[in-house]
Amino acid sequence: MKSNWQNHPIPQNLTRLKEQIEGICRKCHRNSDEIRLIAITKTHTRETIRLAYDAGIRDFGENRVQELTAKTGQLPEDICWHMVGRIQTNKIRDLVPGVSWIHSISGEKYLREVEKRAAVAGRHLNVLIQINISGENQKSGCEPGRLHELLEYARNLEHVSVRGLMGMAEFTDDRDRIRSQFRLLRQIRDRHSKLEYGPVNLKELSMGMSGDFDLAIKEGATMIRLGSVIFGERSG
Ligand SMILES: *Cc1c(COP(=O)(O)O)cnc(C)c1O
């Protein structure tokens, strides 16, 4: 098994994906070093994740707290874990010890709880504010008009650094629509970057999944969250 791991689809997918990202960056005059690839491993086993790790990936993400905490202890310690799914305040205590980034902060109560739990655990966490860019109710996220207030709150935190914004485009085949939602996220970021929120900085833009990461890169993504293009379609 180990000797011919390069022939496995996962390392091959990653090689192809990196070439694709290079190509997209060349077209829009960006440097691919600015883009952090986060492998989203929900539903996949430790053995599968290990193949991506052996191919050089160090950023991994999950969308459920229980699944994430079960996996962190079983995989190498130099992995940087990202929580990308909807969170509940009562799960934050379990989440904090194993995770480095939370992409899905949508309100003050979550920031308050992460701050409290990170202080207790003696940790420092990086977070992104998820913005509702699709306008759909079922997509969680902070409404753009409430971001200012949230960043004002975030400037006084000691164990949490807000590092940028996250967004999910609408589930649609209309690529122009998807792209305009990514553009909106960048514009919201640019607008708020001009204001002063102390230590808060909004450099990171986490946007783009397997079906739309090309558009996200063109609109300025610095973190792309990819599952199925690396690991294949999920059965669940
Ligand atoms: C599952 C998931 C992804 C990755 O989705 P793919 O389409 O498989 O690339 C990205 N972001 C979030 C929040 C997810 O839940």
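A short reminder: the numbers here are calculations on the coordinates, not readings from a lab. These numbers come from a predicted model, not from an experiment. FYI the Cβ positions are ideal-geometry reconstructions off the backbone, even for glycines, and counts take in every protein chain you see.
Of note:
- For the residues Arg46, Arg179, Arg191, a GNM of the chain with alpha-carbon springs under 10 Å puts the largest fluctuation on Arg191.
- Residues considered: Gln181, Gln74, Gln12. Largest GNM mean-square fluctuation over the chain, using C-alpha springs under 10 Å, is found at Gln74.
- Counted by Cβ distance under 9 Å from Glu219, the other residues give a net charge of +4, where Lys and Arg count +1 and Asp and Glu count -1.
- Footprinting exposure proxy for Lys18, Lys71 (fewest neighbouring C-beta atoms within 10 Å first): Lys18, Lys71
- Relative contact order, whole percent, for the chain stands at 19, derived from Cα pairs under 8 Å and 6 or more residues apart.
- Ranking of Lys109, Lys218 by count of other Cβ atoms within 10 Å, fewest first: Lys109, Lys218
- Gyration tensor over the Cα atoms of the chain: the corresponding equivalent ellipsoid has semi-axes (square roots of 5 times the eigenvalues, largest first) of 28, 23, 15 Å.
- Per-pair calculated FRET efficiency, R0 = 25 Å: Ser228 and Gln74 via Cβ, rounded to 0.05: 0.65
- Net charge of Cβ neighbours under 9 Å - reference Ser32; Lys, Arg +1; Asp, Glu -1: 0
- Subset of Lys42/Lys116; Lys42/Lys218; Lys18/Lys71 violating a 30 Å alpha-carbon distance limit: none
- Which of Glu204, Glu67 has the fewest Cβ neighbours within 10 Å, and the rest in rising order: Glu67, Glu204
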